[in-house]
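Readers should treat all values here as calculations from the given coordinates under stated rules, not as data from a laboratory. Keep in mind that what you see is a predicted model, and the values were worked out from it rather than measured. Every residue, glycine among them, receives a Cβ derived from its backbone with ideal geometry; neighbour counts consider all protein chains shown.
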Amino acid sequence: MSTIDHAAIHREHQEAHRDHQSWIDDTSQWRRENAAALDVIAQVQDLVLRHEADVMVWGLECASHEQHILMHEHDIAQAEACGEHREVKQYELEHRRMQHQHEAAGQSHALLRRQHLSIMQQMQRLRDWLKITGHVTGHVDA
């Protein structure tokens, strides 16, 4: 019969206990980090959803501005066809106002474009990371 070396077993148990405690500490830390990562993901989702809403609104504003220009052109053509001539100054004022609106719209578009490119650049980095790590689940390409 062999004898049990209680001291050796006790040392192995102590070592296992230290390992388990270290692993438990790791998982606690990882859970905190995962919670923080999920919070970041929620913020990113909120950012992308707000950006999408801005893009939709901007598209509608552009279409409205285009419609306004087309109506203005139509009104001018109709007035000319009927021989009605508004004062040149009135046309110039309206045209300048529309030019200022167009310039402001161009600045708004440039800002939205920069925001969009920044967001898409970061999304591409995430897509690339998902592909590299083999964590692709579903369609991630734009």
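Overall, segment 6-133 carries a charge dipole of about 500 debye about its Cα centre when +1 sits on the Cβ of Lys and Arg and -1 on the Cβ of Asp and Glu, all other atoms neutral. The residues neighbouring THR27, those whose beta-carbon lies less than 13 Å from its own, together hold a net charge of -2 under the Lys/Arg +1, Asp/Glu -1 convention. Computing Rg and Dmax of the Cα atoms in Å for the structure here picks out one of [x] 17.4, 59; [y] 32.6, 122; [z] 33.9, 122, namely [y].
Positive end of the dipole of the chain (Cβ unit charges, origin at the Cα centre): among ALA104, ALA77, LEU60, the Cα lying farthest that way belongs to ALA104. The long axis of helix 6-81 is offset from the longest Cα principal axis of the chain by roughly 10 degrees.
Over the chain, DSSP H runs of length four or greater, each weighted -39,500 (n - 2.57), average out per residue to a 222 nm ellipticity of -32500 deg cm²/dmol.
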